[in-house]
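Report on the following structure.
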Amino acid sequence: MTSLAASEHVSSYYAATANNTTRYPPLQGEHRADVVIVGGGFTGVSAMLHLAERGYDVALLEANRIAWGASGRNGGQLIDGFVDSERIEKRLGADAVRITDQMGIDSRQIVVDRISKYSIDCDLKFGYVELALRDSDVRNLNSWLEAKQRANYPHEMKLLNRDEIRSVVGSDSYIAGLVNMGNGHLHPINLCTGEAAAAVSLGATIFEQSPVVKIHHGQKPRVETTSGTVHANKVLLAGNAYLGRTEPKLSRKVIPAGSYVMATEPLSPELQRELLPTDMAFIDLRAALDYFRLSADGRMLWGGMCNYSGRVPRSIEASLRPGMLKVFPQLDKARADYTWGGNIAISLNRIPQFGRIEGNTYYVQGYSGHGLAPTHMAGKVLADIVAGESEQFELLSKVHHWGLPGGKWFANPALATGMMYYRLKELL
Ligand SMILES: Cc1cc2nc3c(=O)[nH]c(=O)nc-3n(C[C@H](O)[C@H](O)[C@H](O)COP(=O)(O)OP(=O)(O)OC[C@H]3O[C@@H](n4cnc5c(N)ncnc54)[C@H](O)[C@@H]3O)c2cc1C
């Protein structure tokens, strides 16, 4: 939930190695722009840069700092795909799937192109592996690979069997893996602040430490902080799991859930080569998945443990370390230098939510844990709607999203029960 007391980035490996320390001033007094964006994570910053590139006068208000929320705390895994095809087909039909599949491929491309276009120094590395723990996972990986091949997927992919998987991950836990050389990993704060700087160089204005407390909708909307107002033609809401009560119509449509990451001390080059010799990003296929990779300075970044109650564990390290040691007992002696967590916004049907509140206020939220690349596409779709191009927005805003009776605080136990059901199914 956004509080009026603005804060700095949480302590993390990313904050400690951020290469852009630019500070933007808080909003003071009256300001005018074509478009005002609320929230300075990947969604808001992506929209800002798309708009600035098209010549719009755009202002962005961030309650804390650019990339303060999930965008500056995530696993840094750049994974394409926008939304699960089956879920879209069920709701919108096969033609819609063709559109959203292409959006998924393009979402990753936006990130890669921007890093290159604006020379953003964010440790981008290619290579990503989905890991099988069970025979059913192997069957899934096989059918996903076949589907990608049928669809002429543009990136190199390869299924590694039980013998071959050891060539990318030094663990006995996995029985197969699907390698995708189009995906990869990067330093998320450095990506987001690099994109923000690019937008500012094109004329965009950023106000940090400027929590929006009131939005006036309508044909000539305006947003207010306690010290100023921005008048605009369009408002874009990009607060995702942290929007809180800023827009009550949105808060009951998603559930914030915590995910947590631990960064070990830098590992010796020999240990890095033993554990992850090809320096790719990894996830397993469970509902409450583990995700891991090496940082640029050779730490194990280990993430997982989705927490549906919304309560931060007393010790993140104590919660994550057993899972890490099960996969990599070799890390027994590795010290944890950083631990942190962040909120993801879960959409009950796992489809990102696009919509219009009223008048000229639009939003996207609910990436359900996979958002680094999708937020970049969502930012483009928001910029398109400002420019009057609405095909993808109209399509996705047709998906119905149930509100949660009583709001998220009542809903969390219900979600926890639902997730337990999937965990049980997995265990069985
Ligand atoms: C621990 C963790 C690991 C993850 N790992 C991955 C991964 O490896 N790969 C992947 O694809 N996805 C991952 N995700 C998901 C991904 O990070 C998110 O989907 C994505 O960053 C969401 O971006 P966003 O801009 O929509 O929201 P956020 O980054 O959360 O940004 C929202 C911003 O809005 C601001 N805000 C809210 N309310 C107001 C207000 N009233 N006024 C002004 N500002 C406001 C907040 O301060 C915040 O900075 C992970 C998430 C977490 C938490």
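Please treat every number below as a calculation from the coordinates, not as lab data. The model shown is predicted, which means the values in this text are computed figures rather than measured ones. All Cβ positions, even for glycine, are placed from backbone atoms using ideal geometry, and neighbour counts span all protein chains on display.
Mind checking the angle between helix 42-53 and the chain's longest principal axis? C-alpha axes, 0 to 90 degrees, to the nearest 10.
Tilt relative to the chain: about 60 degrees.
How much mean residue ellipticity at 222 nm does the chain get from its helices, if each DSSP H run of length 4 or more adds -39500 (n - 2.57) and you divide by all residues, to the nearest 500 deg cm²/dmol?
Value at 222 nm, helices only, nearest 500: -10500 deg cm²/dmol.
Test of understanding: in a Gaussian network model of the chain with alpha carbons linked when under 10 Å, which of Ser210, Ser107, Ser136 would top the mean-square fluctuation ranking?
For the chain, modelled as a Gaussian network with Cα springs under 10 Å, the answer is Ser136.
For region 78-158, just say rounded, prolate or oblate: build the C-alpha gyration tensor, square-root its eigenvalues into a ≥ b ≥ c, call rounded for a/c under 1.5, and beyond that prolate if a/b exceeds b/c, oblate if not.
The shape class here is oblate.
Please check the chain for the longest run free of GluC sites (Glu not before Pro) that are loop-located per DSSP (anything but H, G, I, E, B) and have at most 14 other Cβ atoms within 10 Å.
Values: sites that count: Glu8, Glu156, Glu358, Glu389.
Longest site-free region, per DSSP loop and neighbour criteria: 157-357.
Sort the chain into rounded, prolate or oblate with this rule: let a ≥ b ≥ c be the square roots of the eigenvalues of the Cα gyration tensor; rounded if a/c is under 1.5, and if a/c is not under 1.5, prolate when a/b is larger than b/c, oblate otherwise.
Values: a/c = 1.59, a/b = 1.43, b/c = 1.11.
Prolate, since a/c reaches 1.5 and a/b exceeds b/c.
Would you please name the chymotrypsin sites (Phe, Trp or Tyr not before Pro) within region 325-355 that are DSSP coil residues with at most 14 other C-beta atoms within 10 Å of their C-beta?
Counting only loop positions with at most 14 other Cβ atoms within 10 Å, none of the chymotrypsin sites (Phe, Trp or Tyr not before Pro) in region 325-355 qualifies.
How big is the charge dipole of region 225-380 about its Cα centre, in debye rounded to the nearest 20, if each Lys and Arg gets +1 on its Cβ and each Asp and Glu gets -1 on its Cβ?
In debye, rounded to 20, region 225-380 gives about 700.
Out of all DSSP beta bridges in the chain, what portion is antiparallel? Express it as a percent rounded to 5.
Rounded to the nearest five, the antiparallel share is 65 percent.
Anyone know which of Arg286, Arg299, Arg222 comes out most mobile in the 10 Å Cα GNM of the chain?
The residue with the greatest mean-square fluctuation here is Arg286.
Quickly work out the Trp402-to-Ser315 label distance, labels modelled 7 Å from Cα along the C-beta direction, and quote it in nm with one decimal.
Placing both labels 7 Å beyond Cα along the Cβ direction yields 3.9 nm.
How charged is the neighbourhood of Gly127? Take every other residue with its Cβ under 14 Å from the Cβ of Gly127, and add Lys/Arg as +1 and Asp/Glu as -1. Can you show the working numbers first?
Values: positive: Arg108, Lys125, Lys158, Arg293; negative: Asp80, Asp123, Glu130, Glu156, Asp279.
Taking every Cβ under 14 Å from that of Gly127, the sum is -1.
Of the candidates Asp57, Asp172, Asp123, which one comes out as most mobile in a Gaussian network treatment of the chain with C-alpha springs shorter than 10 Å?
Comparing Asp57, Asp172, Asp123 in the GNM, the peak value goes to Asp172.
Using a basic spin-label model with each label point 7 Å from the Cα along Cα→Cβ, how many nm lie between Asn140 and Arg252?
That separation, rounded to one decimal, is 3.3 nm.
Total Lys pairs in region 22-176 closer than 22 Å by alpha-carbon, pairs eight or more apart in sequence or interchain only?
Pairs that pass both the separation and distance tests number 5.
Any chance you could run the full-extension gain for Glu86 through Gln330? It's 0.36 nm times the residue separation minus the Cα-Cα distance, nm to one decimal.
83.9 nm
Along the charge dipole of region 36-168, pointing to its positive end and built from +1/-1 on Cβ of Lys, Arg, Asp and Glu, which listed residue (Met103, His50, Leu133) has its Cα farthest out?
Leu133
Going by the alpha-carbon gyration tensor, a ≥ b ≥ c the square roots of its eigenvalues, is region 85-132 rounded (a/c under 1.5) or, if a/c is not under 1.5, prolate (a/b greater than b/c) versus oblate?
Details: a/c = 4.91, a/b = 1.83, b/c = 2.69.
It comes out oblate by the Cα gyration axes.
Helix 408-427 versus the longest principal axis of the chain: what angle, 0 to 90°, nearest 10, using Cα atoms?
20 degrees
Please state the charge dipole magnitude for the chain, taken about the Cα centre, from unit charges on C-beta atoms (+1 on K and R, -1 on D and E), reported in debye and rounded to the nearest 20.
1140 debye
Can you spot the lysines whose alpha carbon is less than 20 Å from Lys214's alpha carbon? Ignore those fewer than 8 places along the same chain.
Reachable lysines: Lys234, Lys249, Lys253.
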